[in-house]
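Here is the structure we will look at.
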Amino acid sequence: TVVGVQPWTSQTTNGTPHWWLAKYALATNDADALYDEGDGVPAWQEYAADTDPTNAASYFRITGVTDLPPWTIYFESSFNRAYTLSWCSNLVDGIWTNVAGQESRQGVGGPDQMQDINASPSRFYRLEVELP
């Protein structure tokens, strides 16, 4: 999710600022906002996650989890982004609930983690990133 883009900033239709595309030597158009250097993540999502769209090893992902309570989700974070951990007990219904105390928290700019201390064994987790 891309939020917080300033309305006076020139951007693509999906909200990727032209200055950011130019910073990585990508054309400042909608097609280059879809550019994928091989990691399966389009440039506009790399902008949202504050990762490098020209480096296939740089993309937002969960790097580890614990299998015992408290459930801990590990990931690389950006100091310039906010993260929310949510859970769902039934993926078919798709009703996601934010984990208490793990909503819209600023990243630390490196290895990071979020926990669910009230977890039951039948939960699925999702980690979202957004501009603060």
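Points worth noting:
- Where only DSSP H runs of four or more residues are counted, the chain gives -3000 deg cm²/dmol as its mean residue ellipticity at 222 nm, each run worth -39500 (n - 2.57).
- Accessible area, probe 1.4 Å, largest first, for residues E46, E130: E130, E46
- Share of Cα-Cα pairs in the range 79-132 lying beyond 19 Å, as whole percent: 29 percent
- Most to least accessible of F124, F75 (protein chains only, probe 1.4 Å): F124, F75
- In Å², nearest 10: area of Y125 left accessible to a 1.4 Å probe: 60 Å²
- The simple Förster model, with R0 at 22 Å and r as the Cβ-Cβ distance, assigns I117 and Y74 a FRET efficiency of 0.90.
- Rg and Dmax over the alpha-carbon atoms of the chain stand at 16.1, 47 Å.
The values are calculated or read from the model by the stated rules, or taken from the named source; none is laboratory data. Here the structure is a predicted model, which means the values were calculated and not measured. Note that we place each Cβ from the backbone using ideal geometry, even for glycine, and neighbour counts take in every protein chain shown. When the accessible area is computed, the model is the full protein with side chains, heavy atoms only, and any ligands, DNA or RNA have been set aside. Shrake-Rupley method; radii C 1.70, N 1.55, O 1.52, S 1.80 Å.
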